[in-house]
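The values are calculated or read from the model by the stated rules, or taken from the named source; none is laboratory data. In this text the structure is predicted, and so the values were computed from the model without any measurement. Glycine gets a Cβ as well: all are built from the backbone with ideal geometry, and neighbour counts include every protein chain shown. Note: accessible area is taken over every heavy atom of the protein model, side chains too, but ligands, DNA and RNA are not part of it. Shrake-Rupley method; radii C 1.70, N 1.55, O 1.52, S 1.80 Å.
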Amino acid sequence: MTAQADTPRTAYSVLERRATLLTTGILLALAAAAWWATVSRSASMSGMVSGLSQLGQSADFDMTAPVFLAMWVTMMVAMMFPTIAPIVLMHRMVMQRHGGGISLTVAFVAGYLLVWTAAGLVPLAVLIGSGHVTMNPAWVTRLAGVLLIVAGVYQFTSWKQTCLRACRTPLTFLSTHDFGLGLVGTIRTGFSHGAYCLGCCWALMVVLFTVGLMNLTWMALISIVFLAEKNWKHGVLLTKFAGTAILIFGLVVLAHPASLSAPVIDDQPSQMAPMS
């Protein structure tokens, strides 16, 4: 297969139709179930909607590490599984040609998820640490603006393009990251791909963390950008548009910090004049 033909779309024709539909269907079904679980949990996690602006508030982060990581991995399945269908299909084709079973492709996906599970330790550490440090809300908002600008700039870097290329050329990636056909080697291949995926997507995940991990509107929007960047023929150009939008967002937050803060609802009973 030539470099020009090694595209995400090509991956949908490397297996017989039934295997392609089954593999893609499983990934989408898992993503749909993860979305359902995330939406169900969001109602009880309103404190996770306000993003970095909550770090300037008095509320403590009271979620245990296992619960947070379970929530985080569920979110990653919802957001990422639709985007990795091409590499999973291509991996299944390679395994079939070498006599490997479906379990090896499952191991590949497991290795991929290991990276995103480890990545979840970063926001977890920030949220836990914020409960032990008194922060000035204005300082926190300015920090959010700086993080957004850094994330926007990253979209224009060669690192972003290298990681995106790895996600957009599934067969080339597998042929250059062959760690063997055994279970350990397959997990290592999945882990490697997960690392490139993290390198491709971390900037937009910073945006999500900034505006609120459980902000379903932003989560859905960023998921669409992930899918388009990796699979749309104009995905490389889209990274520039996304980077520009994030940069503008960061500058707006620096200039107008209130634009990031969630609306404050007064839950105190209103004072009413006594009736005569």
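Structure values in brief
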{"quantity": "Solvent-accessible area of Thr162 with every protein chain in place, 1.4 Å probe, in Å² to the nearest 10", "calculated": "60 Å²"}
{"quantity": "Mean accessible surface per residue for the range 193-265, computed with a 1.4 Å probe while every protein chain stays in place, in Å²", "calculated": "45 Å²"}
{"quantity": "Principal axis dimensions, largest first and in whole angstrom, of the range 141-238 by Cα", "calculated": "47, 28, 22"}
{"quantity": "Percent accessible area from carbon and sulfur atoms, the range 165-266, protein chains only, probe 1.4 Å", "calculated": "73 percent"}
{"quantity": "Cleavage-rule hits, chymotrypsin sites (Phe, Trp or Tyr not before Pro), the range 140-241, DSSP coil, Cβ neighbours within 10 Å at most 16", "calculated": "Phe156, Phe179, Trp232"}
{"quantity": "Dipole magnitude of the range 129-237 about its Cα centre (Cβ charges: Lys, Arg +1; Asp, Glu -1), debye to nearest 20", "calculated": "160 debye"}
{"quantity": "Packing-based ranking, highest mean first, of 88-100, 32-44, 248-260 given that Cβ atoms within 10 Å are counted", "calculated": "88-100, 248-260, 32-44"}
{"quantity": "Summed residue charge, Cβ within 15 Å of Val109's Cβ, Lys/Arg positive, Asp/Glu negative", "calculated": "+2"}
